[in-house]
1. Among the candidates 627, 608, 583, which residue alone is touching a helix residue (DSSP H, G or I) at 6+ places or on another chain (Cβ under 9 Å) and away from ligand 1 (no atom under 16 Å from the Cβ)?
2. Between 502, 537, which is crowded, with 20+ Cβ neighbours inside 10 Å, over 13 Å from residue 572 (Cα atoms) and either of a type in the set (A, V, I, L, M) or over 36 Å from the mean Cα position of the chain (by Cα) (or both)?
3. Filter the range 674-693 down to residues that are within 14 Å of residue 603 (Cα to Cα), near ligand 1 (Cβ under 9 Å from one of its atoms) and in a strand (DSSP E or B), then give me how many there are.
4. From the list 637, 620, 662, exactly one residue is assigned to a loop (DSSP other than H, G, I, E, B), more than 16 Å from ligand 2 (Cβ to nearest atom) and of a type outside the set (S, T, N, Q). Which is it?
5. Being outside any helix (DSSP H, G or I) and not hydroxyl-bearing (Ser, Thr, Tyr) is the requirement here; does residue 220 meet it?
6. Determine which single condition residue 629 fails, assuming it passes every other condition in (1) surrounded by fewer than 22 Cβ atoms within 10 Å (Cβ to Cβ); (2) in a loop (DSSP other than H, G, I, E, B).
7. Hey, can you tell me all the residues within the range 562-615 that are under 22 Å from residue 672 (Cα atoms), free of Cβ contacts under 8 Å to residues at least 40 places away in the same chain and assigned to a helix (DSSP H, G or I)?
8. Sort out which residues of the range 1-53 are among the aromatic types (Phe, Trp, Tyr) and either closer than 30 Å to residue 220 by Cβ or surrounded by 20 or more Cβ atoms within 10 Å (Cβ to Cβ) (or both), and write them in order of number.
Amino acid sequence: MNDNLDSLFMPKAVAIIGASVKELSIGNVIIKNLLHYRFNGPVYPINPKVDEIRGLKAYPSILDVPGEVDLAHIVIPPPLVPGEVENCGKKGVKAIIINTAGFKEMGAEGQALETDFLNKAAKYGIRIVGPNCQGIINSDPAINAYCNFTFTFPKPGHISIVAQSGGVGAVLMQAFYDMGIGQRMYASNGNGSDVSITEFISYYGKDPETRAIVLYAESLVNPLEFIEVVRKVTANKPVLAITAGRTDKGAEASRSHIGGLAGSISMDLIFRKAGILTFTNQEELCHAAVALSSQPVPKGNRVGIITNTGGPSVIAIDELVSCGLTIPPLSAKAEEILKSTMLESASIRNPLDVVATAGPAHFRSALEVMMNEEQYDSIYLNFVTPPFVDCENVAREIVAAARAGGKPIVCNYMTDKEKWGTTSQILKDGEIPCFDFAETAARALYSLVRYNRIKTTGKGTMKKFDDIKKEKVEQILRNAFQQNRKVLSATEVYSILETYRIPVAPWKVASDVKEVVYAASQLGYPVVVKADSEMIIHKSDVGGVAVNLKNADETHAAAEKMKSGLGGGMKFLVQKFLKPGRELIIGAKASESNGHIIMFGLGGIFVEVLKDVSFCISPLSDVEAKEMISSLKSNALIDGFRGEKGINKEKTMEILQRISRLCEDFPSIKELDLNPLFATGDDICVVDARIIL
Ligand code: ADP
Ligand code: MG
């Protein structure tokens, strides 16, 4: 990874190889855009057939350009690209944007061309953006680089965008523009043959003017590197991303629960692991970026509301509360102050209704009190512009309060923006995030609270577990590999779990009916007898589980029946019958490059019907394990309710972390399924387990 992208974002001179006189061509539009955006340096059109393009002198080759060139666009057919990259190298170009498409995505021939130009670029230390991309924008007034063929000309600001899809990138850029919100840098990197999404984010992370980073990515070349790098960025700056492809039914049919459930959600998991704020709605993401790039991060979720109109604050409260924010009452001291400063008709509580006739002084006092009140972490405003009020000075008070206080302000601003143009401009210049609808503003505030949670919770710590004898598992797996077995036997699975100190129901393996009865007497009745065969996936579906066997006769009969039903050659697992408590399920699945995905849920209908499960990428920290438990919709059942005892969370967290450790130690474990574990009283115990290599 090399995140110094200065030559790309701060070019001193730009050449366009494939510049064209045709108005409707990319090689012409890029020049038009550079000129329109007032690029702060020379622009060199390269075209051997003409002398001039858009009033600029054209050169037959980049090698003929008199001055230095640090950034070049390449807009010529793929077969000619490697040769021009070589010429760029000779000229001393540092970065190239290849807008042309038709490389790797077109098959072997295109792949060969791509490898060729990448090798040539590497030889000269040139960084490549694309191919098949739009390019970059840097709105820094000292640079004004519009090295891009799109049509939105962002004003300087503090939001930077990187998008794998130029289409989505352009939509987001235009959305900010329409809201009157400036932007800092923009990159659409297309096929991403060289400069990666990770490098862009890391570069934006170090840019002092970038306050919020917006990402659109459908796939990542190196997810583990992405997580490691982006985590560092999100500790200081918010990164916001759309999770796309959520409904992809690409989950492979699998032999265990985790396989069927985990398939399509890994981008979301990668984002969460990296501390990214994820969104499923582009508009909401844009609103959040506006708030995050202009306001400080609140310390918590307690909101003080100031309104000069009734209904909108009712809607706001509904949305805020449903997002988990709280609206604590005013302190006695605050009430006392407000009683003397507010109008007679004002409603002195939280929400504080200053009423429609309130003027600048009333707003000033209201804002001051909310800023000073310790029990509020943020201020939410419903501000309508009454024609009988000095709204411009109200706006000035709002801006002054935002500038003075350490708490964020988010505003539901209700007006006719043409008639109240000056008021609107004051709020805009003061960087007050304003939204037309109460619930939109509420959700923007919620995103600030979400980011605070990410920042303060941190990554958590990894438990060490010194009580594990890894070698024993090594031997079991080696043995299975030597015998070419993919599905481990019950003996192997339960031995592995015991080695990793994961509590399992007392068990014995028996090879015939006589041994079953003997094992049962040793374990003590009642017992459970199960078929132990790698051919059987769901034992109870085929009569391979007999529970609550109270004596030798019942055990004998059950084992005989199982044997005649399922045929010879099969072994038996005899387990102690446990009182069924709450059922849990834990799974793990190896992913191609993300380590393992760990799954947790309540068993039975909660998994099968409600699909109420949580996922996280290994290795699991204590914070992540805790979140896996608390993020379940059925979390209330884990806490216990109406006198029913809950589940021991500490033990559950520890089991999750031990399973994560097992997967980390042995990447050859392809799937692991603990289904179910029984949680009874304070104990948790595995009663069924499967491991596939
Ligand atoms: P499979 O999932 O292959 O059908 P299990 O071993 O999970 O087989 O057994 C099926 C069900 O039987 C479990 O979900 C659980 O409800 C019950 N069961 C299994 N083992 C025990 C046990 N040791 N004590 C009590 N109930 C058990
Ligand atoms: Mg089971």
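1. Result: 627 is the single residue among 627, 608, 583 that is touching a helix residue (DSSP H, G or I) at 6+ places or on another chain (Cβ under 9 Å) and away from ligand 1 (no atom under 16 Å from the Cβ).
2. Within the list 502, 537, the selection yields 502.
3. Selection size over the range 674-693: 5.
4. On inspection, the qualifying residue turns out to be 620.
5. yes
6. Status for residue 629: all satisfied but (2).
7. 605, 606, 608
8. Residues satisfying the conditions are 9, 39, 44.
We did not get these values from a lab; they are worked out from the coordinates using the rules stated. The model shown is predicted, which means the values in this text are computed figures rather than measured ones. Neighbour counts run over all protein chains shown; Cβ positions are idealised from the backbone, glycine included.
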